[in-house]
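The values are calculated or read from the model by the stated rules, or taken from the named source; none is laboratory data. Only a predicted model underlies this, so the values are computations on that prediction, with no experimental measurement involved. All Cβ positions, even for glycine, are placed from backbone atoms using ideal geometry, and neighbour counts span all protein chains on display. Accessible surface is based on the protein model in full, side chains and every heavy atom, while ligands, DNA and RNA are left aside. Shrake-Rupley method; radii C 1.70, N 1.55, O 1.52, S 1.80 Å.
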Amino acid sequence: MKVARRITFLFLVTLFACAPHGPEEKAEKIFKEGKNHLLVMHPTVQNLERLVFLAESGVFPLPDHYRIVGVYHEDANYDYSRSADFILQEEHGNMALFGLGEPISEKDLFMGNQLTKSFGELFDQSDGVFFLGGPDIPPATYGEPFNLLTVVADPFRHYLELSFLFHLLGGSQDTTFISLLANDPDYMVLGICLGMQTMNVASGGSLIQDIPTEVYNAFTVEEVLAMDPDKQHRNYHSYYRLDPAVTTASFHSIHTGTESHMATIAGGPDLKPVVLSSHHQAISDMGMGYRATAWSEDGKIIEAIEHKSYPNVIGIQFHPEVPTLYDPDHKITFRPGETATHSFLELYPGPKGEDFHRTFWVHVAAMLP
């Protein structure tokens, strides 16, 4: 068993541009002796920029001895050479990219497959992993027909992340499978938005494919905008495309359960912080091993989950990683043509939102050994 860690935090950063040498040599070049390693999945330039901002601003007090390793699949749609250029140009010496090229498909996600050895090596070399936001998961991976409102833009990204999470945590697809965390239950795992949904699907759960139509019986933008703001999980004013300054995100309150990471971060279950939300899908049936720990104001949308066996595995449906949440000069435009006058910090100061977001990242950093 590896050295015990205080929390399971799934933060997978894929930052290594593949070179023409074998996987053993690649690993030797990327995973440095004497360093702790934090994985980040889908290391796009935007995701790397956000991580750099959070760390350099002190919002996410990542210890200096950590090396960030971004992980991706070579068949994914994103051009990760852009991420390699970002790392070189910005001289981020404590970052690297690691590309995986073994074949993966829907039929072999939730079992031992050609990526199993690589998953084990990544796990052994790291202390935690982040799974970040993005587009919709292919519904066939959770046994559902393809809803017309579901948009799948990068299937191989999903295949990689779903299979890695299954290897990490196991799932109802094969209850005899021995998960990696069974040998190191203190490993850290964090899923943000899509990341939380991927955690759920990888363990055998399913998703609501469209919140407005399936949960609230709303079929037009106008119907959604007429609803209570706490029922709107993205900003549908942006659909009109009349004003590029209009944010695509909405802001709504959540409430947390007792005896959970979310309750600790919020300062207690009675507080209801406001979070940034930008999604149209959500957890339906819960995957094996999880419990819900935060919900939307009306209780219909799960906003956070934690693992019942591995207490350091957490997933959240909202976005605390967005830099503008911490920028007092960034004024938010919610409707076309309006004059933006307030930042998030001005709209939701202290316990209304700011304290929760800052405490979240301090809490996450404290999970690392």
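Just a few scattered comments:
- Option label - Cα extents along the principal axes in Å computed here, alternatives [x] 56, 43, 40; [y] 100, 54, 40; [z] 68, 47, 41: [x]
- The stretch 94-99 - phi-based ³J(HN,Hα) in whole Hz, Karplus 6.51/-1.76/1.60, Gly and Pro as x: 9, 10, 8, 10, 9, x
- Percent carbon-and-sulfur accessible area, the stretch 31-110, ignoring ligands, DNA and RNA, probe 1.4 Å: 44
- Put the Cα centre of the stretch 273-352 next to the Cα centre of the stretch 51-99 and the gap is 24 Å.
- Across the chain, the relative contact order, built from alpha-carbon pairs under 8 Å that are at least six residues apart, equals 19 percent.
- Annotation: Met111 carries an accessible surface of approximately 80 Å², with a 1.4 Å probe and no ligand, DNA or RNA atoms counted.
- Karplus 3J(HN,Hα) series, Hz, for the stretch 352-365 with 6.51 cos²θ - 1.76 cosθ + 1.60 (x for Gly, Pro): 6, x, 4, 4, 4, 5, 5, 5, 4, 6, 5, 4, 5, 4
- Gain upon complete extension [Ala140, His65; 0.36 nm per residue less C-alpha separation]: 22.9 nm
- Computed from label points 7 Å out along Cα-Cβ, the spacing between His330 and Asp124 is 4.0 nm.
- Zone of Met111's modelled label, taken as backbone nitrogen in the stretch 63-102 under 19 Å from a point 7 Å along Cα→Cβ: 102
- Accessible area of Lys32 in the full protein assembly, 1.4 Å probe (Å², nearest 10): 90
- Ligands, DNA and RNA are left out, and with a 1.4 angstrom probe the accessible area of the stretch 76-171 is 41 Å² per residue.
- For His37, residues with placed amide H under 5 Å, excluding near neighbours: Arg67, Asp127
- Computed accessible area, Asp75, all protein chains, 1.4 angstrom probe, square angstrom: 80
- Ligands, DNA and RNA left out, the accessible area of the stretch 220-369 computed with a 1.4 Å probe is 53% carbon and sulfur.
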